[in-house]
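Only the coordinates and a few stated rules stand behind these numbers; no lab work does. Being a predicted model, the structure only gives us computed values, none of them experimental.
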Amino acid sequence: MSTLFTNATLADDRVCDVLVAGETIAEVAAAGTLAPADADEVVDCDGKHLLPGAVDAHVHFREPGFAHKEDWHTGSRSAAAGGVTTVVDQPNTEPPTVTGAAVDEKAELAAKSSVDFGINGGVTEDWDPDSLFDRPIFALGEVFLADSTGDMGIEADLFADAVARAAREDTVVTVHAEDAALFDPAALERAGDGTGRDGDADAWSAFRTAEAEAAAVDRALEVGADSEAAIHIAHTSTPEGIDAASDAGATCEVTPHHLFLSREDLDELGTFGRMNPPLRSEARREAVFERVADGTVDIVATDHAPHTRAEKDASVRDAPSGVPGVETMLPLLLQEVREGTLDLERVRDLVAANPATVFDIEGKGRIVEGTDADLVLVDLEASREIRGDDLHSKCEWTPFEGREAVFPEVTLVRGHVAYDARGGDETFGEAVGENVRV
Ligand SMILES: NC(=O)N[C@@H](CC(=O)O)C(=O)O
Ligand SMILES: [Zn+2]
Ligand SMILES: [Zn+2]
C-alpha cells in the first residue's frame, strides 16, 4: 500500500510531495515532482501542513490497576486524535512498573494501543533493577523525588544508586523533581473545604512551593553529574528549574498546563486544576513560555494524568493530582502558531524531533526518507473550541475547556491511518501500536 501526499507544506515552509510506501516515508520531493500514478492513493494537501507525529514522552495510561481512569485503548485513541503517534507510559500503575515481570504485563496490555509506545521502568524500595534492565525499557522514570499519584517518592540514597545503575545501562533518567522538605503544610491547613470547581485549589500551589522544585532539580543534577548520567527533568514548572537544567547540560520538559495555565486559572478550575508540580504564578508561567519559545526547553510533553470527574470533585486535600492532556497538546501549540507566538519549526522540534533525539528513538520525529510514516495533516486555517465532551480520554473532561485549538484531520502511525476526521465523521484505525524499544 502506498500513499502520495501532494502539495503538503512542511514545518519549514517547503511545499512538498511525500510518498509513503508501507510503513515508511519513501520519498520527499518538491511539489509536483512525484508521479501520482505510482501511488495507490493520492491525498491533496494543498494549503495544509504535514507534520511529523508527536512523541509524547510523558503519559499515564493507568493500566494495569486504574483502568476506570484510562486504558490503553482510550488513551491511545485520544493520542491519535491529538496528533500524538508515540507515547511513553510512566510507572505509577498497579503493580508499579519496577520489575521485569511488571514491564511484561504492561507490554501485553499495550498491545491494544493505536499508537506506538515506550514503557518506562520505575524505582521504589521494591524495585528489581536486574530484571528491569533485562527488558527493553524506554527510560528509567519518572523517578519520584517526592510522593505524587501512587506514592512512589524515594529517599536520596536509593535515587543515587538508581542513577548510577542507569548510567551504567546507558539509560536516560527522567525525574519528578520536588523536595517535600520544602513544602509548606500550613498553606494546606488554611485551605477551605470547597470541592470540585469551587475548591480552594490555590492552596495546593502555595503548599508545593516553587523552591521545592528548584532544590530538587539542583539535587537531581548533582547526582546526575556524579555518575555522568543523562538526566531529564520531567514537567518543569519554574524558570528556575529550566535554567538550572539547561545550564547543567541536562534536558527538560514542560507540560501544556504549565505553559498555558497559572494560579489565576484556579478560581475557575478548582480542584480540577490540582496537579504535581502545581500551577505557578502568571509571572512564572510567562517566564516558562519564553523559555519554550526560545528553545531553552527541549521538550513539551503532557504528563497526561486522567482521573474521573467524581474523583476530582473533592477538597483540595483529598482530590487526586493530575490533569489529562495528550489530545490537546499539539492542537494548543498549533493555535499559538496561528497567533504568531510560537513558530511551527519550534513546535515540531518540541513535540517530535527533540523527544526523538533526547530519548534516542530511531526513525521518528522527522519527515525524511527512510523514517517511520508517523504523520499528521493539519489545516492551520481551521480552529475550534476544545470541549471535554468531544475528546476521547475516558475521563471526559479537560482543563482547557473552551480554548481555541487546531485539531488534526488525519493521523498516520507507520503508514496506517490511526485517526481520520475528513468529511466530518471521526474514524479510528486498528490497534497497530508497537513498542519503540525491542
Ligand atoms: N502529575 C500529577 O499530578 N499526577 C501524575 C503523577 C505525576 O506525574 O507526578 C499522576 O499519575 O496522576
Ligand atoms: Zn510527576
Ligand atoms: Zn507524570
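Things to note:
- Rounded tilt (10° steps) of 156-168 against the dominant C-alpha axis of the chain: 30
- Helix-only CD estimate at 222 nm, as mean residue ellipticity for the chain, using -39500 (n - 2.57) per DSSP H run (n ≥ 4): -7500 deg cm²/dmol
- The Rg/Rh ratio of the chain, with both radii computed over alpha carbons and Rh defined as the Kirkwood radius, is 0.96.
- Taking amide hydrogens as placed 1.01 Å from N in the peptide plane, the amide H of residue 117 sits under 5 Å from those of 87, 434, 435, 436, each at least 5 positions away in sequence or on another chain.
- Whole-Hz ³J(HN,Hα) from phi, Karplus 6.51 cos²θ - 1.76 cosθ + 1.60, for region 284-300, glycine and proline x: 5, 4, 4, 5, 5, 4, 4, 6, 6, 5, 8, x, 5, 7, 7, 9, 9
- Separation of alpha-carbon centers, region 311-350 and region 242-304, rounded to whole Å: 10
- Nonlocal amide H pairs with residue 178, under 5 Å, H built at 1.01 Å: 145, 146
- For region 44-59, 3J(HN,Hα) per residue [Karplus equation, 6.51 cos²θ - 1.76 cosθ + 1.60, θ = phi - 60°, Hz, x = Gly/Pro]: 7, 9, 3, x, 10, 9, 10, 10, x, x, 6, 10, 8, 6, 8, 10
- Taking the longest Cα principal axis of the chain as reference, the axis of helix 210-227 is set at about 80 degrees.
- Applying the Karplus relation 6.51 cos²θ - 1.76 cosθ + 1.60 with θ = phi - 60° to region 185-202 yields 3J(HN,Hα) values of x, 4, 4, 6, 5, 6, 5, x, 9, x, 10, x, 5, 9, x, 8, 6, 4 Hz, where x marks Gly and Pro.
- Relative to the longest principal axis of the Cα atoms of the chain, the long axis of helix 100-109 lies at roughly 50 degrees.
- Amide hydrogen proximity for residue 84: with H placed 1.01 Å from N in the peptide plane, the residues at 5 or more positions away or on another chain lying under 5 Å are 54.
- A Gaussian network model of the chain, with springs between Cα atoms under 10 Å, assigns the largest mean-square fluctuation among 210, 248, 111 to 248.
- Cα gyration tensor shape for region 226-376, rounded if a/c is under 1.5, else prolate or oblate: prolate
- Listed residues 358, 59, 378, most fluctuating in the chain (Gaussian network, C-alpha, under 10 Å): 358
- DSSP bridge pairs, region 54-358: antiparallel proportion in percent, nearest 5: 5
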